[in-house]
Amino acid sequence: MRLVFMLMTGTKANARELYADMIKAVSRLIVTNPGLEKRRTLVDEFNSIDLGRLRRNVKAANFGIPNSHVLQVLITTKFSKPVQSDLLDMIEDAA
């Protein structure tokens, strides 16, 4: 839990997003991706995410599933490594 709160309060704007759905999403992100804790850039990467904007967009979209689930997926995509096919697409687009 300490890491979750440290990540969520890294910026003043993100510190205002200590809501249950966001706390659950970040907690599950850390639990399901234990390798994230070892990333030297984790805090900086997390601080670059505007949690407030993300949460407002998720709430406005009203997907019909818990917001914490949607938030977890969206935050996870910020930390996922592209798969080989994504890299090939990026190379092709750059050419």
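The values are calculated or read from the model by the stated rules, or taken from the named source; none is laboratory data. Please read all numbers here as calculations on a predicted model, not as lab measurements. The area values use the complete protein model at the heavy-atom level, side chains included, leaving out ligands, DNA and RNA. Shrake-Rupley method; radii C 1.70, N 1.55, O 1.52, S 1.80 Å.
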Q) Filter the stretch 23-60 for residues that are open to solvent by 50 Å² or more (accessible area, probe 1.4 Å) and small (G, A, S); which is nearest to the chain's Cα centre (by Cα)? A) S48
Q: Spot the failing condition for T11; the list is (1) closer than 12 Å to L71 by Cα; (2) over 13 Å from the mean Cα position of the chain (by Cα), and only one is missed.
A: (1)
